[in-house]
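Visitor: Please see the structure below; I have some questions.
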Amino acid sequence: MSTVGTSGPTTQIIVQQPPTMFGRFGKLLLVVIGICVLTIFALMAKYQSYFTPRDQPQERFHSLSRTATKKIAILRVEGVILDTDDFVKRQIDRIREDQSVVAVVARINSPGGTVTASDYIHHHLHQLVEDRDLPLVVSMGSVCASGGYYVAMAVGPQEDSIFAERATWTGSIGVIMPHYDLSGLLARIDVEDDSITSGDLKDMGTPTKPMTPEERAVLQELVMESFEEFKEIVLAGRPKLKDKPDDLAAITTGRIFTAQQAVDRGLVDKIGFLEEAIERAAELANVSTDSVRCVEYEQPPSVLGSLLGENDLKGTLGQGVNMRGLLELTTPRAYYLWTWLPAALASE
(Lines give C-alpha, C1' and ligand atoms only; values in the text may rest on other atoms or scores of the structure.)
Protein backbone atom coordinates (compact mmCIF):
# COMPACT_ATOMS: atom_id res chain seq x y z
CA MET A 1 0.00 0.00 0.00
CA SER A 2 1.48 3.27 -1.06
CA THR A 3 0.93 6.61 0.57
CA VAL A 4 0.53 9.57 -1.62
CA GLY A 5 1.58 12.73 0.17
CA THR A 6 -0.66 15.76 -0.16
CA SER A 7 0.50 19.34 0.22
CA GLY A 8 -1.52 22.27 1.43
CA PRO A 9 -2.02 25.56 -0.43
CA THR A 10 1.18 27.59 -1.11
CA THR A 11 1.49 30.75 0.98
CA GLN A 12 2.72 33.84 -0.89
CA ILE A 13 4.03 36.87 0.96
CA ILE A 14 3.80 40.15 -0.96
CA VAL A 15 6.01 42.94 0.39
CA GLN A 16 4.54 46.32 -0.62
CA GLN A 17 7.08 49.08 -1.25
CA PRO A 18 6.47 52.28 0.75
CA PRO A 19 5.06 55.10 -1.41
CA THR A 20 7.61 57.65 -2.62
CA MET A 21 7.21 61.39 -2.08
CA PHE A 22 6.45 62.10 -5.73
CA GLY A 23 4.72 58.90 -6.75
CA ARG A 24 5.72 56.74 -9.69
CA PHE A 25 7.02 59.75 -11.66
CA GLY A 26 9.27 60.99 -8.87
CA LYS A 27 12.56 60.77 -10.73
CA LEU A 28 11.16 62.57 -13.74
CA LEU A 29 9.75 65.30 -11.52
CA LEU A 30 13.11 65.80 -9.79
CA VAL A 31 14.76 66.22 -13.16
CA VAL A 32 12.16 68.82 -14.18
CA ILE A 33 12.62 70.72 -10.90
CA GLY A 34 16.39 70.74 -11.40
CA ILE A 35 16.00 72.16 -14.90
CA CYS A 36 13.64 74.86 -13.58
CA VAL A 37 16.11 75.87 -10.85
CA LEU A 38 18.94 76.17 -13.36
CA THR A 39 16.72 78.24 -15.66
CA ILE A 40 15.76 80.60 -12.82
CA PHE A 41 19.40 81.19 -11.89
CA ALA A 42 20.27 81.81 -15.53
CA LEU A 43 17.46 84.38 -15.85
CA MET A 44 18.50 86.07 -12.61
CA ALA A 45 22.06 86.42 -13.90
CA LYS A 46 20.85 87.76 -17.25
CA TYR A 47 18.50 90.33 -15.78
CA GLN A 48 20.53 91.25 -12.71
CA SER A 49 20.97 94.75 -14.18
CA TYR A 50 17.25 95.38 -13.72
CA PHE A 51 17.56 95.18 -9.95
CA THR A 52 19.13 97.84 -7.73
CA PRO A 53 21.34 96.88 -4.77
CA ARG A 54 20.04 98.11 -1.45
CA ASP A 55 21.07 101.60 -0.27
CA GLN A 56 22.38 102.57 -3.71
CA PRO A 57 20.85 105.14 -6.08
CA GLN A 58 17.66 103.70 -7.50
CA GLU A 59 17.78 103.08 -11.23
CA ARG A 60 14.74 103.91 -13.31
CA PHE A 61 13.96 103.76 -17.01
CA HIS A 62 14.30 107.03 -18.91
CA SER A 63 13.99 106.34 -22.64
CA LEU A 64 14.93 104.18 -25.65
CA SER A 65 14.43 100.38 -25.44
CA ARG A 66 12.82 99.02 -22.28
CA THR A 67 14.02 95.47 -22.92
CA ALA A 68 17.65 96.13 -23.86
CA THR A 69 20.37 95.02 -21.45
CA LYS A 70 22.99 97.56 -22.55
CA LYS A 71 22.56 100.96 -20.93
CA ILE A 72 23.30 104.62 -21.35
CA ALA A 73 23.40 106.14 -17.87
CA ILE A 74 22.26 109.70 -17.17
CA LEU A 75 24.28 111.13 -14.30
CA ARG A 76 22.60 114.20 -12.82
CA VAL A 77 24.52 117.09 -11.25
CA GLU A 78 21.92 119.52 -9.96
CA GLY A 79 21.91 122.53 -7.65
CA VAL A 80 24.82 124.03 -5.77
CA ILE A 81 27.76 121.63 -5.59
CA LEU A 82 28.69 121.35 -1.90
CA ASP A 83 31.15 119.14 -0.05
CA THR A 84 28.39 117.61 2.06
CA ASP A 85 26.41 116.28 -0.92
CA ASP A 86 27.52 112.76 -1.94
CA PHE A 87 24.70 111.77 -4.31
CA VAL A 88 26.71 112.53 -7.46
CA LYS A 89 29.60 110.41 -6.22
CA ARG A 90 27.21 107.58 -5.40
CA GLN A 91 25.83 107.73 -8.94
CA ILE A 92 29.37 107.48 -10.27
CA ASP A 93 30.05 104.44 -8.08
CA ARG A 94 26.79 102.83 -9.23
CA ILE A 95 27.77 103.29 -12.88
CA ARG A 96 31.28 102.00 -12.25
CA GLU A 97 29.94 98.72 -10.86
CA ASP A 98 27.37 98.24 -13.63
CA GLN A 99 29.16 96.49 -16.49
CA SER A 100 26.12 96.86 -18.75
CA VAL A 101 26.62 100.65 -18.97
CA VAL A 102 28.23 101.54 -22.32
CA ALA A 103 28.07 105.35 -22.18
CA VAL A 104 27.38 108.21 -19.77
CA VAL A 105 25.44 111.45 -20.24
CA ALA A 106 26.20 114.02 -17.54
CA ARG A 107 23.11 116.18 -17.17
CA ILE A 108 24.40 119.33 -15.44
CA ASN A 109 22.05 122.00 -14.13
CA SER A 110 24.15 123.89 -11.59
CA PRO A 111 25.46 127.40 -10.94
CA GLY A 112 28.60 125.82 -9.44
CA GLY A 113 29.76 125.37 -5.87
CA THR A 114 32.84 125.09 -3.72
CA VAL A 115 36.24 124.63 -5.34
CA THR A 116 36.89 121.36 -3.52
CA ALA A 117 33.49 119.80 -4.27
CA SER A 118 33.62 120.78 -7.95
CA ASP A 119 37.12 119.36 -8.32
CA TYR A 120 36.12 116.19 -6.45
CA ILE A 121 33.23 115.45 -8.82
CA HIS A 122 35.31 116.32 -11.89
CA HIS A 123 38.11 113.99 -10.75
CA HIS A 124 35.90 110.97 -10.07
CA LEU A 125 33.84 111.45 -13.23
CA HIS A 126 36.99 111.72 -15.34
CA GLN A 127 38.43 108.67 -13.57
CA LEU A 128 35.26 106.71 -14.29
CA VAL A 129 35.36 107.26 -18.05
CA GLU A 130 39.10 106.55 -18.11
CA ASP A 131 38.94 103.33 -16.10
CA ARG A 132 35.87 101.94 -17.87
CA ASP A 133 36.70 103.44 -21.28
CA LEU A 134 33.21 104.94 -21.44
CA PRO A 135 32.25 107.77 -23.78
CA LEU A 136 31.00 110.82 -21.89
CA VAL A 137 28.61 113.44 -23.25
CA VAL A 138 27.47 116.56 -21.37
CA SER A 139 23.93 117.91 -21.55
CA MET A 140 23.57 121.37 -20.00
CA GLY A 141 20.33 122.40 -18.36
CA SER A 142 19.14 125.94 -17.70
CA VAL A 143 22.42 126.87 -15.97
CA CYS A 144 25.81 125.17 -16.24
CA ALA A 145 28.13 127.80 -14.85
CA SER A 146 31.40 128.04 -12.97
CA GLY A 147 31.78 124.80 -10.97
CA GLY A 148 29.11 123.21 -13.17
CA TYR A 149 31.23 124.00 -16.23
CA TYR A 150 34.30 122.75 -14.34
CA VAL A 151 32.60 119.35 -13.96
CA ALA A 152 31.63 119.37 -17.65
CA MET A 153 35.30 119.47 -18.61
CA ALA A 154 35.57 115.79 -17.62
CA VAL A 155 34.63 115.06 -21.26
CA GLY A 156 38.24 115.70 -22.21
CA PRO A 157 39.18 116.30 -25.86
CA GLN A 158 36.28 114.26 -27.30
CA GLU A 159 34.69 116.25 -30.14
CA ASP A 160 30.96 117.08 -30.27
CA SER A 161 30.54 116.06 -26.65
CA ILE A 162 29.03 119.15 -25.00
CA PHE A 163 25.41 120.07 -25.73
CA ALA A 164 23.61 123.14 -24.39
CA GLU A 165 19.92 123.90 -24.69
CA ARG A 166 18.96 127.07 -26.53
CA ALA A 167 18.08 128.82 -23.27
CA THR A 168 21.15 127.60 -21.34
CA TRP A 169 23.42 130.07 -19.57
CA THR A 170 26.98 128.86 -19.11
CA GLY A 171 30.51 130.07 -18.52
CA SER A 172 31.22 132.17 -15.41
CA ILE A 173 34.74 130.75 -15.41
CA GLY A 174 36.34 132.24 -12.33
CA VAL A 175 36.65 132.09 -8.56
CA ILE A 176 34.88 134.08 -5.87
CA MET A 177 35.48 134.17 -2.13
CA PRO A 178 32.49 135.91 -0.52
CA HIS A 179 33.29 138.34 2.28
CA TYR A 180 30.99 140.70 4.16
CA ASP A 181 32.22 143.52 6.36
CA LEU A 182 29.75 143.93 9.24
CA SER A 183 32.07 146.02 11.41
CA GLY A 184 30.13 149.25 10.74
CA LEU A 185 26.86 147.64 11.79
CA LEU A 186 28.44 146.18 14.93
CA ALA A 187 29.90 149.57 15.83
CA ARG A 188 26.45 151.16 15.65
CA ILE A 189 25.14 148.68 18.21
CA ASP A 190 28.30 148.98 20.32
CA VAL A 191 29.65 145.47 19.64
CA GLU A 192 33.38 144.96 19.24
CA ASP A 193 35.34 141.92 18.01
CA ASP A 194 37.58 140.92 20.91
CA SER A 195 38.81 137.56 19.58
CA ILE A 196 42.08 136.11 20.88
CA THR A 197 44.24 134.59 18.13
CA SER A 198 47.60 132.88 17.85
CA GLY A 199 48.66 135.10 14.95
CA ASP A 200 47.71 138.22 13.03
CA LEU A 201 46.26 136.25 10.12
CA LYS A 202 44.36 133.63 12.10
CA ASP A 203 41.08 135.55 11.92
CA MET A 204 41.48 136.89 8.40
CA GLY A 205 38.23 137.00 6.48
CA THR A 206 36.10 137.49 9.57
CA PRO A 207 33.07 139.73 8.86
CA THR A 208 33.42 141.50 12.22
CA LYS A 209 36.30 143.75 11.18
CA PRO A 210 37.63 145.44 8.02
CA MET A 211 40.08 143.36 5.97
CA THR A 212 43.67 144.54 6.12
CA PRO A 213 45.82 144.84 2.95
CA GLU A 214 47.95 141.91 4.12
CA GLU A 215 44.89 139.72 4.63
CA ARG A 216 43.50 140.69 1.23
CA ALA A 217 46.80 139.85 -0.45
CA VAL A 218 46.88 136.38 1.12
CA LEU A 219 43.29 135.58 0.16
CA GLN A 220 43.78 137.03 -3.33
CA GLU A 221 46.73 134.69 -3.84
CA LEU A 222 44.59 131.71 -2.89
CA VAL A 223 41.84 132.77 -5.27
CA MET A 224 44.23 133.29 -8.18
CA GLU A 225 45.86 129.90 -7.64
CA SER A 226 42.45 128.22 -7.83
CA PHE A 227 41.69 130.34 -10.91
CA GLU A 228 44.82 129.08 -12.68
CA GLU A 229 43.79 125.50 -11.91
CA PHE A 230 40.35 126.24 -13.36
CA LYS A 231 41.89 127.47 -16.60
CA GLU A 232 44.03 124.32 -16.84
CA ILE A 233 40.89 122.21 -16.47
CA VAL A 234 39.21 124.23 -19.24
CA LEU A 235 42.17 123.67 -21.56
CA ALA A 236 42.02 119.92 -20.88
CA GLY A 237 38.39 119.85 -22.01
CA ARG A 238 38.74 122.50 -24.75
CA PRO A 239 42.20 121.77 -26.20
CA LYS A 240 41.61 124.02 -29.24
CA LEU A 241 42.02 127.01 -26.92
CA LYS A 242 45.62 126.10 -26.07
CA ASP A 243 46.92 127.97 -29.11
CA LYS A 244 44.53 130.89 -28.60
CA PRO A 245 45.56 132.71 -25.42
CA ASP A 246 43.50 135.78 -26.31
CA ASP A 247 40.36 133.69 -26.74
CA LEU A 248 41.05 131.92 -23.44
CA ALA A 249 41.47 135.27 -21.68
CA ALA A 250 38.20 136.51 -23.18
CA ILE A 251 36.15 133.59 -21.85
CA THR A 252 37.72 133.47 -18.38
CA THR A 253 36.66 136.90 -17.16
CA GLY A 254 33.89 135.42 -15.03
CA ARG A 255 31.09 136.55 -17.34
CA ILE A 256 28.12 134.41 -18.26
CA PHE A 257 27.30 133.38 -21.84
CA THR A 258 24.17 132.33 -23.68
CA ALA A 259 24.22 128.99 -25.46
CA GLN A 260 24.91 130.53 -28.86
CA GLN A 261 27.61 132.78 -27.45
CA ALA A 262 29.21 129.74 -25.82
CA VAL A 263 29.15 127.84 -29.14
CA ASP A 264 30.72 130.80 -30.93
CA ARG A 265 33.53 130.94 -28.35
CA GLY A 266 34.21 127.22 -28.29
CA LEU A 267 32.86 126.57 -24.79
CA VAL A 268 30.04 124.39 -26.15
CA ASP A 269 30.00 122.10 -29.20
CA LYS A 270 26.36 122.07 -30.20
CA ILE A 271 22.95 123.40 -29.25
CA GLY A 272 20.66 120.50 -28.46
CA PHE A 273 18.47 118.97 -25.82
CA LEU A 274 19.03 115.90 -23.65
CA GLU A 275 17.72 113.64 -26.42
CA GLU A 276 20.45 114.79 -28.81
CA ALA A 277 23.09 114.17 -26.15
CA ILE A 278 21.78 110.64 -25.62
CA GLU A 279 21.90 109.95 -29.35
CA ARG A 280 25.49 111.21 -29.47
CA ALA A 281 26.42 108.96 -26.55
CA ALA A 282 24.96 105.96 -28.36
CA GLU A 283 26.92 106.91 -31.46
CA LEU A 284 30.18 107.14 -29.52
CA ALA A 285 29.47 103.76 -27.90
CA ASN A 286 28.78 102.20 -31.34
CA VAL A 287 25.30 101.03 -30.36
CA SER A 288 21.95 101.62 -31.97
CA THR A 289 19.35 103.57 -30.01
CA ASP A 290 17.01 100.60 -30.63
CA SER A 291 19.35 98.23 -28.81
CA VAL A 292 20.16 100.21 -25.67
CA ARG A 293 18.23 101.33 -22.61
CA CYS A 294 18.67 104.82 -21.18
CA VAL A 295 18.43 104.98 -17.38
CA GLU A 296 18.75 107.58 -14.65
CA TYR A 297 19.10 107.46 -10.87
CA GLU A 298 17.27 108.82 -7.86
CA GLN A 299 17.91 108.91 -4.15
CA PRO A 300 16.98 105.65 -2.39
CA PRO A 301 14.12 106.24 0.06
CA SER A 302 14.91 105.52 3.69
CA VAL A 303 12.48 103.53 5.81
CA LEU A 304 12.50 106.15 8.57
CA GLY A 305 12.13 108.97 6.06
CA SER A 306 9.12 107.27 4.49
CA LEU A 307 7.47 106.75 7.87
CA LEU A 308 8.06 110.34 8.95
CA GLY A 309 7.09 111.87 5.63
CA GLU A 310 10.58 112.95 4.60
CA ASN A 311 9.46 115.20 1.76
CA ASP A 312 6.94 117.02 3.92
CA LEU A 313 9.55 117.43 6.63
CA LYS A 314 12.02 118.95 4.20
CA GLY A 315 9.41 121.35 2.95
CA THR A 316 8.61 122.48 6.47
CA LEU A 317 12.24 122.94 7.48
CA GLY A 318 12.94 124.70 4.22
CA GLN A 319 10.77 127.58 5.39
CA GLY A 320 12.96 128.05 8.44
CA VAL A 321 16.67 128.66 8.92
CA ASN A 322 19.17 126.82 6.74
CA MET A 323 21.76 125.94 9.38
CA ARG A 324 24.21 124.43 6.91
CA GLY A 325 24.09 127.59 4.84
CA LEU A 326 24.60 129.78 7.89
CA LEU A 327 27.68 127.80 8.84
CA GLU A 328 28.98 128.33 5.31
CA LEU A 329 28.77 132.06 5.93
CA THR A 330 31.21 131.87 8.83
CA THR A 331 33.96 130.15 6.82
CA PRO A 332 36.09 131.99 4.24
CA ARG A 333 35.92 129.67 1.27
CA ALA A 334 36.59 129.92 -2.45
CA TYR A 335 33.80 129.05 -4.86
CA TYR A 336 33.46 128.19 -8.51
CA LEU A 337 30.04 129.76 -8.34
CA TRP A 338 27.93 132.11 -10.43
CA THR A 339 26.15 134.22 -7.83
CA TRP A 340 26.70 137.18 -5.56
CA LEU A 341 24.45 135.68 -2.87
CA PRO A 342 25.89 134.01 0.21
CA ALA A 343 25.88 130.24 0.38
CA ALA A 344 22.97 130.28 2.85
CA LEU A 345 20.70 131.51 0.09
CA ALA A 346 22.35 129.63 -2.77
CA SER A 347 22.14 126.19 -1.18
CA GLU A 348 18.90 124.25 -0.91
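Visitor: Given a 1.4 angstrom probe, what's the average accessible area per residue across the stretch 97-238, in square angstrom?
Guide: Value for the stretch 97-238: 48 Å² per residue.
Visitor: Would you mind checking Lys89/Lys231; Lys71/Lys231; Lys240/Lys270; Lys89/Lys244; Lys71/Lys240; Lys71/Lys244 for any pair whose Cα atoms are more than 27 angstrom apart?
Guide: Lys71/Lys231; Lys89/Lys244; Lys71/Lys240; Lys71/Lys244
Visitor: Given a Förster distance of 51 Å, report the FRET efficiency between Asp194 and Asp160 from their Cβ-Cβ distance, rounded to the nearest 0.05.
Guide: E(calc), rounded to 0.05, equals 0.30.
Visitor: Dipole of the stretch 179-313, Cα-centred, from +1 at each Lys and Arg C-beta and -1 at each Asp and Glu C-beta, to the nearest 20 debye?
Guide: Here the stretch 179-313 has a charge dipole of around 520 debye.
Visitor: Would you be so kind as to identify which of Ile173, Leu185, Thr114 lies farthest towards the positive end of the dipole of the stretch 109-192, taking Lys and Arg as +1 and Asp and Glu as -1 on Cβ and the Cα centre as origin?
Guide: Leu185
Visitor: Report ³J(HN,Hα) in whole Hz for each residue of the stretch 65-75, in order, from the Karplus equation J = 6.51 cos²θ - 1.76 cosθ + 1.60 where θ = phi - 60°; Gly and Pro get x.
Guide: 7, 6, 9, 5, 9, 6, 10, 10, 9, 8, 9
Visitor: Further question: Pick out, in residue order, every one of the GluC sites (Glu not before Pro) in the stretch 115-194 that is DSSP loop and has at most 15 other C-beta atoms within 10 Å; say none if there are none.
Guide: Glu159, Glu192
Visitor: What net charge do the residues around Glu232 carry, taking every other residue with its C-beta under 12 Å from that of Glu232, with Lys and Arg at +1 and Asp and Glu at -1?
Guide: Local charge sum for Glu232: -1.
Visitor: Measure off, as a whole percent, the carbon and sulfur share of the 1.4 Å-probe accessible area of the stretch 95-240, all protein chains present.
Guide: In the stretch 95-240, the share of accessible area belonging to carbon and sulfur is 53 percent.
The values are calculated or read from the model by the stated rules, or taken from the named source; none is laboratory data. Keep in mind that this is a model prediction, so the values were computed, not measured. Cβ atoms come from the backbone with ideal geometry, glycine included; neighbour counts cover every protein chain shown. These area figures cover heavy atoms from the full protein model, side chains too; ligands, DNA and RNA do not enter into them. Shrake-Rupley method; radii C 1.70, N 1.55, O 1.52, S 1.80 Å.
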